[in-house]
Amino acid sequence: MNRFALSLLLAAASAIAPVQVIAAPARVASVATKAPVVVHYRTATIDGVKIFYREAGPADGPVVLLLHGFPTSSHMFRNLIPLLADRYRVIAPDYPGFGQSDAPDHTQFAYTFAHYADLVDGLMGQIGAGRYAMYVMDYGAPVGYRLALKHPERVSGLIVQNGNAYDEGLREFWNPIKAYWASGAQKERDALNGLVTLDTTKFQYTDGVRDLSRISPDNWVQDQALLDRPGNRDIQLDLFYDYRTNVPLYPSFQAYFRKYKPATLIVWGKNDKIFPEEGAHPYLRDLPDAETHILDTGHFALEDKLDEMGPLIRSFLDRRVAQR
């Protein structure tokens, strides 16, 4: 190549702008942070009685009514509520004499399951919850099933956790209580005083549980503090006596199941001595399509089996309740 041609090539090369390679910016990790559920702690006055309730979730969401057992309150649902409240309007009341609701003197107020059902019915009407799925546990079962008899069209589904509706579910634990039902005498009433002591309250949370490190001792400390309030022992003894009125209603509860066939999930602690596993299986006579899960735990199953129960409950509600 002659000197002239080489000069032309060098001039052309110098005229071309250098190419600048720009590295792509590093991808910024995006972490979707889900806002925590806000739970509201409210009160409503129903027939002159202050009823405390927890509420969370969208105001227009399908309603889930959580009905607690003895000797606790809506506190038993504190961990379940956030698992449901992104989609569901969750309402968990305290009955009179429990939790943060009023506790009138037992000589001035009827502590009965019929009265509780009427008060919960009044609460749901006042806050505009006209249709609801019910989680019923222990005392929550006769309260909820009485509601179902009053308003069968309002019940969109049932979640049954150690809540009885069959004679098979009342076994040895109930014998001293049945003796009180039979006599109504002070002697038999006094014999039940041990059921409202710390030992029994702790027993209800720990008996039948495989891993006690999953159970918060706050449960029995809080429950016992409320049981020990002046006058509360008589409230609880009145309720033990009134439980006898639920048993004659069992055939009516069962007829409701057969007639209306509510979508039903049964999640039952099999080691419960109060409402043992024998009370779970008879539901299938009347609700053969019920989804049934018998869990290796005791009375307050949510305390150590929420990791199993939460997904089961959420799946059931999403498939069988929200889709209707």
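Go through the stretch 268-286 and give me each residue that's part of a helix (DSSP H, G or I) and of a type in the set (A, V, I, L, M).
Filtering the stretch 268-286 for residues part of a helix (DSSP H, G or I) gives 277-279, 283-286.
Leu284, the sole residue that qualifies.
Pairs are defined by a Cβ separation below 9 Å, a sequence spacing of at least 6 or placement on different chains, a first member in the stretch 190-202 that is free of Cβ contacts under 8 Å to residues at least 40 places away in the same chain, and a second member that is of a type in the set (S, T, N, Q); the pairs so defined are Gly194/Thr200; Thr197/Gln224; Leu198/Gln224; Lys202/Asn219; Lys202/Gln224.
For residues that are of a type outside the set (A, V, I, L, M, F, W, C) and over 17 Å from the mean Cα position of the chain (by Cα), scanning just the stretch 143-157, find the one that is most open to solvent (accessible area, probe 1.4 Å).
Start the filter on the stretch 143-157 by keeping residues that are of a type outside the set (A, V, I, L, M, F, W, C), which leaves 144-146, 150-154, 156-157.
With over 17 Å from the mean Cα position of the chain (by Cα) added as a condition, the list becomes 146, 150-154.
Values: Arg146: 35, Lys150: 89, His151: 31, Pro152: 26, Glu153: 112, Arg154: 67 Å².
Restricting to residues being of a type outside the set (A, V, I, L, M, F, W, C) and over 17 Å from the mean Cα position of the chain (by Cα), the top hit is Glu153.
Taken over the stretch 245-257, the residue count meeting the criterion of being within 16 Å of Ala117 (Cβ to Cβ) and either open to solvent by 10 Å² or more (accessible area, probe 1.4 Å) or assigned to a helix (DSSP H, G or I) (or both) is 8. In the stretch 204-220, the residue that is surrounded by the most Cβ atoms within 10 Å (Cβ to Cβ) out of those that are over 17 Å from Gly269 (Cβ atoms) and out of contact with any Lys or Arg (no Cβ under 9 Å at 6 or more places or on another chain) is Asp218.
Would you check if Arg189 is farther than 21 Å from Leu302 by Cα, open to solvent by less than 30 Å² (accessible area, probe 1.4 Å) and at pLDDT 95 or above? Judged against the criteria, Arg189 is a match. Of the residues making up the stretch 93-131, just one is in contact with a strand residue (DSSP E or B) (Cβ under 6 Å, 6 or more places away or on another chain) and over 16 Å from Ile51 (Cβ atoms), namely Arg131. Scanning the stretch 230-259 for residues that are under 23 Å from Thr201 (Cα atoms) and aromatic (Phe, Trp, Tyr) returns Phe240, Tyr241, Tyr243.
Kindly check whether there is at least one residue in the stretch 68-81 that is within 22 Å of Ala114 (Cβ to Cβ) and open to solvent by 10 Å² or more (accessible area, probe 1.4 Å). For the stretch 68-81, residues within 22 Å of Ala114 (Cβ to Cβ) and open to solvent by 10 Å² or more (accessible area, probe 1.4 Å): present. A single entry from Asp289, Asp242 fulfils the requirement of being of a type in the set (Asp, Glu) and not in a loop (DSSP other than H, G, I, E, B): Asp242.
Considering Ser183, Ser216, which residue is farther than 21 Å from Leu67 by Cβ, free of Cβ contacts under 8 Å to residues at least 12 places away in the same chain and polar (S, T, N, Q)?
On the way: Ser216 fails: free of Cβ contacts under 8 Å to residues at least 12 places away in the same chain.
Step by step, each of Ser183, Ser216 is checked, and only Ser183 is farther than 21 Å from Leu67 by Cβ, free of Cβ contacts under 8 Å to residues at least 12 places away in the same chain and polar (S, T, N, Q).
Only one of the numbered conditions (1) more than 20 Å from the chain's Cα centre (by Cα); (2) farther than 22 Å from Arg258 by Cβ; (3) open to solvent by less than 60 Å² (accessible area, probe 1.4 Å) is not met by Thr201, and that is (1). For the stretch 282-320, a residue qualifies if it is surrounded by fewer than 18 Cβ atoms within 10 Å (Cβ to Cβ) and touching a residue at least 60 places away in the same chain (Cβ under 8 Å), and the qualifying residues are Pro282, Asp296, Leu306, Gly310, Arg314, Asp318.
The values are calculated or read from the model by the stated rules, or taken from the named source; none is laboratory data. In this text the structure is predicted, and so the values were computed from the model without any measurement. All Cβ positions, glycine included, derive from the backbone under ideal geometry; neighbour counts span all protein chains shown. The area values use the complete protein model at the heavy-atom level, side chains included, leaving out ligands, DNA and RNA. Shrake-Rupley method; radii C 1.70, N 1.55, O 1.52, S 1.80 Å.
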